[in-house]
Amino acid sequence: DTYGKLYNWNAIETGKLCPTGWHVPTDIEWTVLEVYLTANGNRGTQGKTLRATSGWDDYKGQSGNGTDNFGWLGLPGGFCGITGEFFSNGYDGYWWTSSESNESRAWWRSLSNSFDLVGKFNGLKKSGFSVRCIKD
């Protein structure tokens, strides 16, 4: 209930996951967000800026919560591995892009309680990650 659902690539690929007038952001659209955050005083803290101010587990005695300066409210929903196991709930959040890396992988972004940047990776399409829809 707190973190929302996790989706595999099949759900992203349908193009029907977001409401009408919205879409799953591309890798380029995520990059635009990161550049915007950097240009607006958040160099080196883009991930912390997107993390919610509560809901994140502490890391090495430090609060894992962010500043949520832009109302993005990023929460640490973790991910579902290809064997159906759940990982990183409370520590990390992972969000699909709508951009493929290759036939079996697609790009995604992450926020972590232990890292203040936004991570960029490509992962197996069978994995389950969160999704954020943006307006067309």
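The values are calculated or read from the model by the stated rules, or taken from the named source; none is laboratory data. Here the structure is a predicted model, which means the values were calculated and not measured. In this analysis, Cβ positions are derived from the backbone assuming ideal geometry, glycine residues included, and neighbour counts consider all displayed protein chains. In case anyone asks, the SASA skips ligands and DNA or RNA and just uses the protein heavy atoms, side chains included. Shrake-Rupley method; radii C 1.70, N 1.55, O 1.52, S 1.80 Å.
Which residues, taken from the range 78-136, are of a type in the set (A, V, I, L, M, F, W, C) and touching an Asp or Glu at 6+ places or on another chain (Cβ under 8 Å)?
Selection gives F79, A106, W107, L111, V118, I134.
In the range 66-73 there is no residue matching the filter, namely being under 18 Å from T2 (Cα atoms), modelled with pLDDT of 95 or more and not in a loop (DSSP other than H, G, I, E, B). Cβ-Cβ contacts under 8 Å between residues 6 or more apart (or on different chains), taken from a first residue in the range 60-72 that is more than 22 Å from N40 (Cα to Cα) and open to solvent by 80 Å² or more (accessible area, probe 1.4 Å) to a second residue that is assigned to a loop (DSSP other than H, G, I, E, B) and not β-branched (V, I, T), are listed as K60/S114.
Taking the conditions exactly as written (at positive phi, modelled with pLDDT of 95 or more and either of a type outside the set (D, E) or assigned to a helix (DSSP H, G or I) (or both)), does G55 satisfy them or not? Write out each step before concluding.
Numbers: at positive phi: yes; modelled with pLDDT of 95 or more: yes; either of a type outside the set (D, E) or assigned to a helix (DSSP H, G or I) (or both): yes.
The answer is yes for G55.
Only residues that are in contact (Cβ under 8 Å) with a residue 24 or more places away in the chain, closer than 16 Å to S114 by Cα and not β-branched (V, I, T) were counted in the range 34-59, giving 11. Scanning the range 32-41 for residues that are on the phi > 0 side of the Ramachandran plot and touching a strand residue (DSSP E or B) at 6+ places or on another chain (Cβ under 7 Å) turns up nothing. Within the range 33-59, restricting attention to residues that are of a type in the set (D, E, K, R) and under 13 Å from G93 (Cβ atoms), which residue is surrounded by the fewest Cβ atoms within 10 Å (Cβ to Cβ)? That would be D57. Looking across the range 16-67, the residues that are under 15 Å from the mean Cα position of the chain (by Cα) and among the charged types (D, E, K, R) come down to D27, E29, E34, K48, R51.
Every residue in the range 11-32 that is open to solvent by 50 Å² or more (accessible area, probe 1.4 Å), among the hydroxyl-bearing types (S, T, Y) and under 21 Å from G128 (Cβ atoms), please. Of everything in the range 11-32, just one residue is open to solvent by 50 Å² or more (accessible area, probe 1.4 Å), among the hydroxyl-bearing types (S, T, Y) and under 21 Å from G128 (Cβ atoms), namely T14. The residue that is surrounded by the fewest Cβ atoms within 10 Å (Cβ to Cβ), counting only those in the range 79-136 that are β-branched (V, I, T) and assigned to a loop (DSSP other than H, G, I, E, B), is T83.
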